[in-house]
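Undergrad: Below: one structure in structure tokens.
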Amino acid sequence: MPTVNMSERDKTQEEAKVLPEHVGFIMDGNGRWAKRRGMPREYGHKFGAQTFEDVMDYCCHKGIRAMTFYVFSTENWKRPKKEVDAILHLLDSYLDTCRKRLAQNDVRFVFIGDRSVFSDKLRDKMDAIEAESAHKGYTVYLALNYGGRSEIVHAVNALLEQGRTHVTEEDINACVYTAGSPEPDLIVRTGGDLRISNFLLWQSAYAELYFTDVLWPDFKGKDVDAALDSFAQRKRRFGGV
Ligand code: FPP
């Protein structure tokens, strides 16, 4: 058994204390990244998909137990059809890769958002991945056709359908898509814009926010570390003093 001296153990405990349990990622900047290279926006999404996989692996390696990645919002349908089709195609091929690799990792995948708009083929793939990974340790939420407001409406409607005429915060906590996971402690947005864009509105009430100018395809392990370092220095008061 490896021996650990006191100061190393203290440091490990200190790091564990300040590690977020759940991190949300708003993966922005794919289009600009591609344009800067004289390439179409779809090219940026392709590299963005690779970055998503790298960041997910890196966060698992760091011991972050839950992650949410904002892949496609309820508003992203407004983009040109060519771009929407390219993202859906990337998603389709990622789902194949993801399913093949399930045995090699300890990740439970959950697809959040209104999936009724997707093809039967895509939905079947999502259902299969969720079922086959349900017992795993880490949780990765992929937000697809997701909007924070529509998630809250969905939760309230689910409660109304149960016959409820009065709802509490706990009721809504139990009905949002990420129920069962801790709320995100940290939300990271790449690409330089300082906004939340309808992401995890209910769950992020007390999340720490981290914005970086780094464009998503350029976002690497060192950038995850910078976000985690910033988080570790925050004084979280949750409304107290
Ligand atoms: C925002 O960048 C990015 C998106 C709307 C799509 C996110 C998609 C991916 C990361 C790839 C697909 C992922 C999977 C899991 C298959 P933007 O296009 O708005 O960038 P811009 O602000 O520079 O225009």
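The values are calculated or read from the model by the stated rules, or taken from the named source; none is laboratory data. Keep in mind that what you see is a predicted model, and the values were worked out from it rather than measured. Here the Cβ is made from the backbone with ideal geometry for all residues, glycine too, and neighbour counts use every protein chain on show. SASA here: full protein model, heavy atoms, side chains in, ligands and nucleic acids out. Shrake-Rupley method; radii C 1.70, N 1.55, O 1.52, S 1.80 Å.
Undergrad: Calculate log10 I(q)/I(0) of region 120-217 for q = 0.17, 0.19 Å⁻¹, where I(q) comes from the Debye formula with a single equal point scatterer on each Cα and nothing for solvent.
TA: -0.98, -1.13
Undergrad: List the GluC sites (Glu not before Pro) within region 34-106 that DSSP assigns to loop and that have no more than 16 neighbouring Cβ atoms inside 10 Å. Don't skip to the answer; put the middle values down first.
TA: Numbers: sites: Glu42, Glu53, Glu75, Glu83; in loops: Glu75.
Qualifying residues, ordered by number: Glu75.
Undergrad: Tell me, what does the Kirkwood hydrodynamic radius of region 63-123 come to in angstroms if you use every pair of distinct C-alpha atoms? Numbers along the way, then the final one.
TA: Values: mean 1/r = 0.0748 Å⁻¹.
Every distinct Cα pair counted, the radius reaches 13.4 Å.
Undergrad: Note down the accessible area of Ile26, probe 1.4 Å, to the nearest 10 Å².
TA: Only protein atoms counted, so the area is about 10 Å².
Undergrad: Tell me, what % of the accessible area of the chain is carbon and sulfur with a 1.4 angstrom probe?
TA: Ligands and nucleic acids excluded, carbon and sulfur give 52 percent.
Undergrad: Check each of the trypsin sites (Lys or Arg not before Pro) in region 199-241 and keep only those in coil by DSSP with at most 12 other C-beta atoms within 10 angstrom; list them in order.
TA: On the way: sites: Lys220, Lys222, Arg234, Lys235, Arg236, Arg237; in loops: Lys220, Arg234, Lys235, Arg236, Arg237.
Counting only loop positions with at most 12 other Cβ atoms within 10 Å, the trypsin sites (Lys or Arg not before Pro) in region 199-241 are Lys235, Arg236, Arg237.
Undergrad: Name the longest site-free stretch of the chain, where the excluded sites are chymotrypsin sites (Phe, Trp or Tyr not before Pro) in a DSSP loop with no more than 12 other beta-carbon atoms within 10 Å.
TA: Free of exposed loop sites, the longest segment is 1-205.
Undergrad: Now for a different question. What Rg and what Dmax come out for region 116-168 when only alpha-carbon atoms are used, in angstroms?
TA: Calculated on Cα positions, Rg and Dmax stand at 14.5, 38 Å.
Undergrad: Pick out, in residue order, every one of the trypsin sites (Lys or Arg not before Pro) in region 42-72 that is DSSP loop and has at most 16 other C-beta atoms within 10 Å; say none if there are none. It would help to have the intermediate numbers written out before the result.
TA: Numbers: sites: Lys46, Lys62, Arg65; in loops: Arg65.
For trypsin sites (Lys or Arg not before Pro) across region 42-72 that sit outside H, G, I, E and B with at most 16 neighbouring Cβ atoms in 10 Å, the list reads Arg65.
Undergrad: Accessible area per residue of the chain at 1.4 Å probe, in Å²?
TA: Working: 13120 Å² over 241 residues.
Heavy-atom accessible area per residue stands at 54 Å².
Undergrad: Okay, next question. Kirkwood Rh, region 42-143, all Cα pairs: how many Å? Show your work: numbers first, answer last.
TA: Numbers: mean 1/r = 0.0705 Å⁻¹.
That comes to 14.2 Å for region 42-143.
Undergrad: Another question, if that's okay. Once all Cα-Cα distances of the chain are split into 5 Å bins that start at 0, what whole-number percent is in each one?
TA: Reading upward from the zero bin: 1, 6, 12, 17, 19, 17, 13, 7, 4, 2, 1, 0.
Undergrad: Could you please tell me the mean projected area of the C-alpha convex hull for region 14-78, averaged over all directions and given in square nanometres to one decimal?
TA: 5.4
Undergrad: Is there a pair in Lys100/Lys222; Lys78/Lys136; Lys125/Lys220 whose C-alpha atoms are over 32 Å apart, and which pairs would that be?
TA: On the way: Lys100/Lys222 28 Å; Lys78/Lys136 35 Å; Lys125/Lys220 28 Å.
Lys78/Lys136, as the Cα separations exceed 32 Å there.
Undergrad: Still on this structure: Can you give the helix-only mean residue ellipticity at 222 nm for the chain, where every DSSP H stretch with n ≥ 4 adds -39500 (n - 2.57) and the sum goes over all residues, rounded to the nearest 500 deg cm²/dmol?
TA: Mean residue ellipticity at 222 nm (helix-derived): -14500 deg cm²/dmol.
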